[in-house]
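Take a look at the structure below.
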2 protein chains.
Amino acid sequence: MHTPQSAFRALADPTRRDILVMLRGRDLSIGEVAENFDMTRAAVKKHLTVLSDGGLITTVTRGRERISSLNPEGIAPVCDWFAFFEGFWDTRLAALKDAIEKDTE
Amino acid sequence: MHTPQSAFRALADPTRRDILVMLRGRDLSIGEVAENFDMTRAAVKKHLTVLSDGGLITTVTRGRERISSLNPEGIAPVCDWFAFFEGFWDTRLAALKDAIEKDTE
DNA sequence: CTTTTATAAAACCAAATGGTATCATGTCAA
DNA sequence: TTGACATGATACCATTTGGTTTTATAAAAG
């Protein structure tokens, strides 16, 4: 795995995006992550697997726990893809802003 | 629709991301988009519907054709979400870079 | 050693997804 | 008007996805 596709796929689910937000604060075990959701640990673990496949998190075993952390490198492919559009979004949004300003004159 | 979720969902499929790249060049009818893929027009139209639901494209009818265009505003919710992480990615990547540089000294 | 705790792994299920084929509709051209 | 063309809409299908339950394994606690 670890293709750009797997990263985009991982980001498509709201639960997984919430997990990323949670991990921004601090590293968490599967159980700790699961406490914040109304679903089983098994389900949460599956989401963590998808996030790991997408390269968005890394995991290390600590005793009987498995700790997940955000992986800053993992977001790179996604950012690269967006960068391809940046020029477009920027110029179009600027044009839009101009149009609105002219309209309100 | 037009929720952040629908935008993330739309971006999760490689065909749909390819369509966005194609539209960056110029506006296209469904048939023109479909020429670039090995699937039926109906399938392409479904993808365009998902992209439209996500707010990533806009469409206008021109005669019997339906022209799709990139919607620069549509990407905003996605960018906002990433912005929430920007500090994290930046500082961590900087730390990583430092570590690598120190390692090579 | 026994029990609890944290996770792994697999089987299973309903719903969503990505695709097809088919038919209806509206527009352009002859 | 007639026919060709571009799309819309629907029904249908196989696969994937997000979830549960159950069983197994390994580490921590008593």
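Read-outs throughout are calculated quantities, based only on the coordinates presented, and are distinct from any laboratory measurement. Fair warning: this is a prediction, and the values are worked out from it, not measured in the lab. Cβ atoms come from the backbone with ideal geometry, glycine included; neighbour counts cover every protein chain shown.
Between A:Ser29 and A:Ser68, the built amide H atoms are under 5 Å apart, and every one of these is 5 or more places off in sequence or on another chain. For peptide B:4-14, the mean count of partner chain Cβ atoms within 10 Å of a residue's Cβ comes to 4. For the pair B:Trp81 and B:Asp38, the difference between a 0.36 nm per residue extended length and the Cα-Cα distance amounts to 12.2 nm. Net charge in the neighbourhood of B:Val60 (other residues with Cβ under 9 Å of its Cβ; Lys, Arg +1, Asp, Glu -1) is +1. What FRET efficiency do you get for B:Asp53 and A:Val21 if R0 is 30 Å and r is their Cβ-Cβ distance, rounded to the nearest 0.05? So the FRET efficiency works out to roughly 0.80. Once the C-beta distance of B:His2 and A:Glu65 is scaled by a Förster radius of 41 Å, the resulting FRET efficiency is 0.55 to the nearest 0.05.
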